[in-house]
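First up is the structure itself, then whatever we jot down about it.
The values are calculated or read from the model by the stated rules, or taken from the named source; none is laboratory data. No experiment lies behind these values; they were computed from the predicted model shown. No Cβ is skipped: glycine too gets one built from the backbone with ideal geometry, and neighbour counts run over all protein chains shown. These accessible areas exclude ligands, DNA and RNA; they are computed on the full protein's heavy atoms, side chains included. Shrake-Rupley method; radii C 1.70, N 1.55, O 1.52, S 1.80 Å.
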Amino acid sequence: MGESEAESSLVHTLAIHSARPSKHLSFSPSFQPQILIHVCFSSREDVCKCGHLKTDHAAEAIKPEDYTGKSWDKHRHVREVPTDAFGDIHFGGLGQRTGKYARVSTDTDPEVLYNLLTEQWKLSPPNLLISVTGGAKNFYLKARLKNMFHRGLIKVAQTTGAWIITGGTHVGVMKHVGHAVRDYALSSSSMQGQVVAIGVATWGVIHNRDTLMSPEGCFPAHYSMDNTNQGRLSLLDNNHTHFLLVDDGTQGLYGVEIELRGRLERCITRKHLGNKGAVTANAPGHYRISGLTIPAVCVVLDGGPGTLNTMYNAMLNGTPCVVLDGSGRIADVVAQVAGMPVTRVTISLIHQLMKKFFGQEYETFDDLKILKTSESLGVEYWKRQLELAIAWNRVDIAKTEIFTEESQWKSSDLHRAMFSALVGNKPQFVSLLVENGVSLRDFLQDEQTLCELYRQLPSCFFLHKLAKRVHGSNPPLKAHDAEAQRDPGTDLFLWAVVQSSRELAEIAWEQCRDCTCGALAASKILKKMADEGSDVDEAAEMKELAAHYEKHAIGVFTECHNSDEERAEKLLVRVSPFWGRTTCLRFALEADDENFVAHSGVQALLTRTWCGQLSVDNPVWRVMICIVFFPLIYTGFLVFRSHLKPLGRWSRLVCLYSSPQVKFYLNIVSYFAFLLLFAVVLMIDFQPTPSPGEMLLYIWLLSLVFEEVRQMYINELWNILDVLSITLFIIGLVFRLTSELFYAGKIVLCIDFVVFCLRLMAIFTISRTLGPKIIIVKRMMMDMFFFMFLLSIWVVAYGVAKQGILIENESRLDWIVRGVVYQPYLVIFGTFPTDIDKTTFDITSCSINGTDPLKPKCPMLDENQTPVFPEWLTIIMICVYLLFANILLLNLLIAIFNFTFQEVQDNTDRIWKFQRYELIKEYYSRPALPPPFCILSHLYLFVRKMTLCGTSTMSREFKNKLPQTEEEELLSWEALMKDKYLLSSQMEQSQNMELFFYYIIIIIIIIIICFFIIYYY
């Protein structure tokens, strides 16, 4: 069913009384438009008291005998019926404008009209209501004033998503509003939002209204702007977008719509911002966006005494009025006295101004009264003004008119405005409110406020995970622990990051206490959201924002490192209570922030951790010599890090062998010895009864199993290889100890030896030269994996075609696989087949009937034992196959490999610095003794944990929980460095802008000089 049919059905099925049968019957009963028909008596033969001709009434409406002697009353002499005028209205002429209209009763519930506007006519709920009132007759506006009015009205309406409500006719102030809407429509693109101008007019005064009437609705109704025989009637303004035509059963009577318009405007202003529903109560301190009602403003041009009364009623309802000075009559009178002190506004002054601006019309006015209001405006008034400024998104007005030097605001007074600015994504207002006294701690003290902020977010994977955590089985925190772990700036920053609001997140980040950790956490969250999201453009924006916060983290940490290196290192490894008790370094690694990890300060920490208590200045060869000849450490041959007191003999020995660097070298030697023993057992000493060497191999492997269990994580390729190698070894050992599977066990162990050798590549990650090459190999393996899918298409296509042409009904599966996959694959590497060319065919190399299991089946032969396959076809096929597989695909693979190599090679240093962390962390936590001796360390740790219930210091893995006092001092120092970084960034931006302008000026001067040289010479 089309939109036009839907609207028609709505109007017919929702009337109070039963309507005539209609073909449109699918509307919800939320809208009940009615009009009035007449049951009147006539005092004259031709004209009724309602203003209609007697001939316009229905037959049953003329009942003079029932009403003789009674005065006419619209409440007694009219009744409501379903409307007969609704649909689309089409205005001819330039632009071919089309709008919506409906004829409604004066008694229509404004809620019904609001539902018509928002649900049936699909208008978005407004953020502001602009009620324009004033002169109902044509009046002159100077060009400057007219342009000012047009630009100002449309700017506010377009930027705030406002509704403009007027009288809807093509005269007076309504005509000026229509011209403003028209000018905007002609100058703007279709992508910009439409300005909504709603005309609420009296049905009985509309000229040419007969064209709007149809029981089934008009889609569209062609409305003519012809003013022939117009008389006292008025034309609808052809620039308005929607019309509500109010009918009370009379004709030619102006002002019928005023009461319904007022009720509709009050209904709209009771609605919540961003919500179509009704107002709901909230507990004190809970600030929901729906708790802010739609603000309204009354705009006045020209006008008479009725306009003044409208202004007075609007201000009593708390609606501000904007008066256009110079538009004439009452608007000019109000504008003249608006800036005066109340004591100077006298009756005689008003009389003078009224006489000046109204002329002869002034003589008809009643007595004047001056109603004085209190000079001091309450806090609630200014709160409302602030809400209006936020709805308009006019931060300039808030700065100059609301947040003045004389104004004194409490933080609690601004909480509602703060909530509105956050949900409305107005960062300038958020910054202004924070500058003028909003305390984030007070604002977010109640957790319901933060929960309400999250409810306003669109659904995303982050919210699903958050809901799981909230409704999970985790025990709740104690009250004092929860308070200690909450930082309002951090909470607000996380909320802004989740909704990808760059400006709001920037403001909140500046309020964070733990800013470096927060920036890295934001980088991780945004990258995760980008990976989970389906919108490519949105994902790119998130990744760009993640890089922005990584840059922030680097900037702050650089300032910290330049100021105090020791404190900067503490900042990297301190446990943050605000971010899940993790560290900055851990966040950077999980977010793959390679630039941050490659920072010289982070690398200095990793290098010192790698060397342990040994000085970083020791050459590698000295360390390796001392590993073998440890007494040299007592001679000064090896330098230790400086300590407050000199190290003893035993302490020096412990420091040497507990250094991750030394552990690494010992483990390399141990691993080579393990591989050598493994190879010897497989090639020389693999007996049915295990030999002592084989038993030693099993003990060695057991120590590796213990070490893998101690690490307890599988998130790296090397850990996966470790688990795979140990699993294969256990399977091979079980087979080997079974007599029936003895040889199969040896085969499994031989394959396992290959996996152990591949694991040896991990030692190259510590090398600045070879480490990135491991990354290249990993990425090339992924490239190869996807390339094989493409190659397999050609291999299988050629193999099946060749096998079907040459061989008839081969039944042996192994030889089918050889012919379809194996032989075409070997062709790529130069093994040319002999069975596709008759000149190279050898019948002795195949089995005629396929009975020899060691020979392939011969091609189809004739009676002379000569192959019958089409030689020309098989040769062409292999030529095409080699052309694509050997030349095209292999060169494509080489190009892919070259791209991958170049991509990694350009970032070699950064990649190496990033990947060395995992190796350093692994050997930082490893026992000092290498396998197989480390089994003793594992037994010691196990006994210690079972008896003392303690944890090893080696499990800390770059985590350091600071005392409360030291934590506060460190965060205060970090905040100081953050301010320094932000200041330097602003100065750098201003300098760049100055340089840019200087370059532009220089270029302009050069162009001018060149022009004069060319002109004169």
**Item:** All positions within the range 143-165 that are part of a loop (DSSP other than H, G, I, E, B), in contact with a Gly (Cβ under 8 Å, 6 or more places away or on another chain) and either open to solvent by 50 Å² or more (accessible area, probe 1.4 Å) or under 17 Å from Val322 (Cα atoms) (or both)
**Value:** none
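Conditions (1) in contact (Cβ under 8 Å) with a residue 40 or more places away in the chain; (2) open to solvent by 40 Å² or more (accessible area, probe 1.4 Å), marked per residue:
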| site | (1), (2) |
| --- | --- |
| Glu550 | yes, no |
| Ser576 | yes, no |
| Asp593 | yes, no |
| Ala598 | yes, no |
| Ala604 | no, no |
| Cys611 | yes, no |
| Asp617 | no, yes |
**Item:** Residues within the range 592-623 that are part of a helix (DSSP H, G or I) and of a type in the set (S, T, N, Q), tallied
**Value:** 5
**Fill in**
Counting only residues in the range 271-292 that are surrounded by fewer than 18 Cβ atoms within 10 Å (Cβ to Cβ) and not small (Gly, Ala, Ser), the one modelled with the highest pLDDT is identified as Asn275
**Asked** Within the range 764-780, how many residues turn out to be within 23 Å of Ile828 (Cα to Cα) and modelled with pLDDT under 85?
**Response** 1
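Please determine whether any residue of the range 435-453 is at positive phi, at pLDDT below 85, under 25 Å from the mean Cα position of the chain (by Cα) and of a type outside the set (A, V, I, L, M, F, W, C).
no
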**Prompt:** Does Leu494 meet the test of being in contact (Cβ under 8 Å) with a residue 60 or more places away in the chain and buried (at least 21 other Cβ atoms within 10 Å of the Cβ)?
**Reply:** no
**Asked** Right, Ile776: farther than 22 Å from Phe901 by Cα and of a type in the set (Val, Ile, Thr) or not?
**Response** no
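When you scan the range 483-514, how many residues do you find that are among the polar types (S, T, N, Q) and assigned to a helix (DSSP H, G or I)?
The number of residues fulfilling the criteria is 2.
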**Complete:** Within the range 137-152, residues more than 12 Å from Val177 (Cα to Cα) and of a type in the set (Phe, Trp, Tyr) come out as Phe139, Tyr140
**Request:** Could you identify the single residue in Lys155, Lys142, Lys146 that is under 32 Å from the mean Cα position of the chain (by Cα), over 24 Å from Leu264 (Cβ atoms), of a type in the set (Lys, Arg) and at pLDDT below 85?
**Result:** Lys155
**Request:** Could you check, for the range 906-929, whether at least one of its residues is loosely packed, with under 12 Cβ neighbours inside 10 Å and either free of Cβ contacts under 8 Å to residues at least 24 places away in the same chain or among the hydrophobic types (A, V, I, L, M, F, W, C) (or both)?
**Result:** yes
**Item:** Residue tally, condition modelled with pLDDT of 85 or more and aliphatic (A, V, I, L, M), over the range 692-719
**Value:** 6
**Message:** Need the failing condition index for Gly168 against (1) under 19 Å from Thr202 (Cβ atoms); (2) open to solvent by 50 Å² or more (accessible area, probe 1.4 Å); (3) touching a helix residue (DSSP H, G or I) at 6+ places or on another chain (Cβ under 9 Å), just the number.
**Reply:** (2)
**Item:** Residues that are part of a loop (DSSP other than H, G, I, E, B), without any contact (Cβ under 8 Å) to a residue 60 or more places away in the chain and among the hydrophobic types (A, V, I, L, M, F, W, C), drawn from the range 199-247
**Value:** Leu233
**Request:** Only one of these is part of a helix (DSSP H, G or I) and either open to solvent by 30 Å² or more (accessible area, probe 1.4 Å) or of a type in the set (Ser, Thr, Tyr) (or both): Val827, Val796, Val820. Name it.
**Result:** Val796
**Prompt:** Is it the case that the range 786-798 has a residue that's within 42 Å of the chain's Cα centre (by Cα), within 16 Å of Pro824 (Cβ to Cβ) and among the hydroxyl-bearing types (Ser, Thr, Tyr)?
**Reply:** yes
**Prompt:** Within the bounds of the range 778-792, is there any residue that is open to solvent by 40 Å² or more (accessible area, probe 1.4 Å), in a helix (DSSP H, G or I) and under 17 Å from Ile875 (Cα atoms)?
**Reply:** no
**Message:** So, Glu871, is that one open to solvent by 90 Å² or more (accessible area, probe 1.4 Å) and in contact (Cβ under 8 Å) with a residue 12 or more places away in the chain or not?
**Reply:** no
**Message:** With the requirement that a residue be in a helix (DSSP H, G or I), open to solvent by 40 Å² or more (accessible area, probe 1.4 Å) and in contact with a Gly (Cβ under 8 Å, 6 or more places away or on another chain), what does the range 391-422 give you?
**Reply:** Arg416
**Qualifying residues in the range 84-119 (those that are of a type in the set (A, V, I, L, M) and open to solvent by 10 Å² or more (accessible area, probe 1.4 Å)) - the one modelled with the lowest pLDDT** = Leu94
**Complete:** Turns out the helices (runs of 4 or more DSSP H) fully within the range 671-773 with at least 2 residues that are open to solvent by less than 40 Å² (accessible area, probe 1.4 Å) and touching a residue at least 60 places away in the same chain (Cβ under 8 Å) are 692-711, 742-759
**Asked** at pLDDT 85 or above and not small (Gly, Ala, Ser) - does that describe any residue in the range 181-195?
**Response** no
**Residue satisfying all of: in the range 120-142; among the polar types (S, T, N, Q) and more than 18 Å from Thr169 (Cβ to Cβ); surrounded by the fewest Cβ atoms within 10 Å (Cβ to Cβ) among these** = Ser124
